[in-house]
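Contents: one structure, followed by commentary.
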Amino acid sequence: MTTQPPLTDRTALIRQRTRAARAPTLFLHEDAADELQERLLEVNRTFTAPALVTNFPAPFAAVLPGAKVVADDEVLDLTPGGHDLVVHAMCLHWANDPVGQVIQCARALRPDGLFIAVLFGGQTLHELRAVLAEAEAAVTGGLSPRVLPMGEIRELGALPGRAGLALPVADSFPRKVTYADPLRLMADLRAMGETNALAARPRHFTRRAVLAEALRRYAADFAEPGGRIRATFDMVWLTGWKPHESQQKPLRPGSAAQRLAEALNTAEIPTGEKPGA
């Protein structure tokens with residue numbers, strides 16, 4: 001059996017996060033914290049033992065004061081059955097084993113406890129990914145991994161169920177941010193700790209000609225009115241509940257009290273027959 005090589009260089013990722021923490025740019029984390037607060041209000045439940053899995057806790061700790069805060073290490077520092085809420089905030093997209101991360105969060109929940117994750121999804125930075133790939137191919141004739149590949153919502157939405165959580169829900173929305181130029185975007189990514197930490201990344205500086213061509217293509221292909229450029233951040237939300245006997249359960253096939261055709265006041269057509277036949 002072969003072992004899948006790691007996607008993320010954890011040493012590099014931690015180094016970049018440590019550097020970013022000196023003067024972090026956290027407007028996306030703050031947006032996510034505001035959304036988290038709204039979602040918790042909709043749940044209409046008081047959580048007494050929350051936990052936060054994040055490396056930039058300040059925005060989320062304001063929503064969940066007193067929550068236990070742990071880093072997104074390969075092995076999470078969470079006590080099994082110790083929490084009624086676990087929030088995995090803005091770091092699951094870097095996990096080498098995202099299923100394992102969610103399983104550990106599920107184990108840390110009490111029965112009927114709630115798991116919530118917010119992370120970057122597959123459309124994040126698609127503009128930057130495109131121009132870097134096109135520029136490198138045009139200048140060098142090759143292609144290097146420079147932007148983290150992120151999961152699409154259909155893949156990510158399966159994570160809570162694979163971890164054994166009930167009533168899973170996934171949704172996403174794009175957050176469009178505009179910048180004066182692509183260099184300001186790259187500066188923000190450094191200050192978020194979101195620059196290239198891929199295990200397969202090139203270990204040398206990007207050639208000046210590649211960077212110049214990428215900047216030119218970005219300004220040409222993704223310009224906004226007024227000369228600014230846009231960047232997309234795909235915010236994906238996942239929720240699931242630790243199973244408990246009080247939760248709603250789907251009906252068994254064939255157990256409905258009324259046939260669908262009767263409820264819709266229409267004629268029922270057996271499989272294989274055509275209307276009017």
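The values are calculated or read from the model by the stated rules, or taken from the named source; none is laboratory data. Every value quoted in this text rests on a predicted model; they were computed, and no experiment measured them. Reconstructed Cβ throughout: ideal geometry from the backbone, glycine too, with neighbour counts over all protein chains shown. Accessible surface areas use protein heavy atoms only, side chains included; no ligands, DNA or RNA. Shrake-Rupley method; radii C 1.70, N 1.55, O 1.52, S 1.80 Å.
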task: Identify all residues within the stretch 80-121 that are open to solvent by 10 Å² or more (accessible area, probe 1.4 Å), more than 13 Å from the chain's Cα centre (by Cα), within 20 Å of residue 13 (Cβ to Cβ) and not polar (S, T, N, Q); write none if there are none.
output: 97, 100
message: Among the residues of the stretch 242-263, are any open to solvent by less than 80 Å² (accessible area, probe 1.4 Å) and either among the basic types (Lys, Arg) or modelled with pLDDT of 90 or more (or both)?
response: yes
- prompt: So residue 154 fits all but one of (1) crowded, with 17+ Cβ neighbours inside 10 Å; (2) over 21 Å from residue 222 (Cα atoms); (3) free of Cβ contacts under 8 Å to residues at least 60 places away in the same chain; (4) not aromatic (Phe, Trp, Tyr); what number is the exception?
  reply: (1)
- request: Output the number of the condition that residue 43 fails; it satisfies all remaining conditions of (1) surrounded by fewer than 18 Cβ atoms within 10 Å (Cβ to Cβ); (2) among the hydrophobic types (A, V, I, L, M, F, W, C); (3) within 27 Å of residue 22 (Cα to Cα).
  value: (3)
field: Qualifying helices (runs of 4 or more DSSP H) (wholly inside the stretch 149-214; at least 1 residues being among the β-branched types (Val, Ile, Thr) and out of contact with any His (no Cβ under 7 Å at 6 or more places or on another chain))
entry: 153-156
field: Hey, residue 142 open to solvent by less than 70 Å² (accessible area, probe 1.4 Å), without any contact (Cβ under 8 Å) to a residue 24 or more places away in the chain and not in a helix (DSSP H, G or I) or not
entry: yes
Pairs where the first residue, in the stretch 223-236, is acidic (Asp, Glu) and the second is open to solvent by less than 40 Å² (accessible area, probe 1.4 Å), C-beta under 8 Å, 6+ apart: 234/120; 234/121; 234/122; 234/124; 234/150
- line: residue 77 fails exactly one of (1) crowded, with 19+ Cβ neighbours inside 10 Å; (2) in contact with a strand residue (DSSP E or B) (Cβ under 6 Å, 6 or more places away or on another chain); (3) not in a helix (DSSP H, G or I), namely (1)
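So in the stretch 46-61, with the set limited to residues that are assigned to a loop (DSSP other than H, G, I, E, B), over 15 Å from residue 32 (Cβ atoms) and in contact (Cβ under 8 Å) with a residue 40 or more places away in the chain, which one is most open to solvent (accessible area, probe 1.4 Å)? Walk me through it before giving the result.
Residues of the stretch 46-61 that are assigned to a loop (DSSP other than H, G, I, E, B), as a first pass: 46-49, 54-57.
Subset that is over 15 Å from residue 32 (Cβ atoms): 46-49.
Right, trim to in contact (Cβ under 8 Å) with a residue 40 or more places away in the chain and you get 47, 49.
Values: 47: 36, 49: 18 Å².
Checking each candidate, the answer is 47.
Out of 33, 23, I need the residue that is touching a residue at least 24 places away in the same chain (Cβ under 8 Å) and exposed (fewer than 13 other Cβ atoms within 10 Å of the Cβ). Which one?
On the way: 33 fails: exposed (fewer than 13 other Cβ atoms within 10 Å of the Cβ).
It is 23.
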field: When residues of the stretch 62-74 are limited to those that are farther than 11 Å from residue 89 by Cα and without any contact (Cβ under 8 Å) to a residue 40 or more places away in the chain, the one most open to solvent (accessible area, probe 1.4 Å)
entry: 65
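State yes or no: is residue 172 under 23 Å from residue 13 (Cα atoms) and open to solvent by less than 70 Å² (accessible area, probe 1.4 Å)?
no
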